[in-house]
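Notes follow once the structure below has been shown.
A short reminder: the numbers here are calculations on the coordinates, not readings from a lab. Remember, it's a predicted structure, so these values are computed and weren't measured experimentally. Cβ coordinates were reconstructed from backbone atoms using ideal geometry, including for glycine residues, and neighbour counts include every protein chain displayed.
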């Protein structure tokens, strides 16, 4: 897996709740390319719970919408907007686990409509929540000219899940 650089970092006005690394109350997600998939690793805390020690369903939706959205940004190299999101909450997500894994992939493309499937997995790899997102995508020229889209690239060395977890636990950014 290779880190996807965040092309909006440092852009004035950029403060995405999901992926801005400087948003003090945001999720600060980072994304990696793993073959056809976009993946992320994230640490839930007690501040993200609904019921005691249980990750709020809305936070799960944010995390999945974000990883699925990065499929559009990185794999399709354009911007898009979420048109529909179907969630399937399979099991409670504990906020006590050390991290969760998120994975998303493009499953269908019809003209400007992208269908992306996403999964939220426990640290052990158990499927806890899944979704299917429908995005309206924009032509690349329009995304650049009107929406400020900046192409993303990967950087650094190929990493394993264990190396990502080590970075997460060490607080490496």
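If the chain linking residue 88 and residue 147 were pulled fully straight, counting 0.36 nm for each residue of separation and taking away their Cα-Cα distance, it would gain 18.1 nm. On the basis of the beta-carbon distance and an R0 of 22 Å, residue 77 and residue 23 show a calculated FRET efficiency of 0.35. The slack in the chain from residue 109 to residue 155, taken as 0.36 nm per residue of separation less the alpha-carbon distance, amounts to 13.9 nm.
Overall shape of the stretch 2-149 was characterised from the C-alpha gyration tensor. The equivalent ellipsoid obtained from it has semi-axes of 25, 18, 13 Å, in decreasing order.
Distance from the C-alpha centroid of the stretch 1-76 to that of the stretch 107-135: 14 Å, rounded to the whole angstrom.
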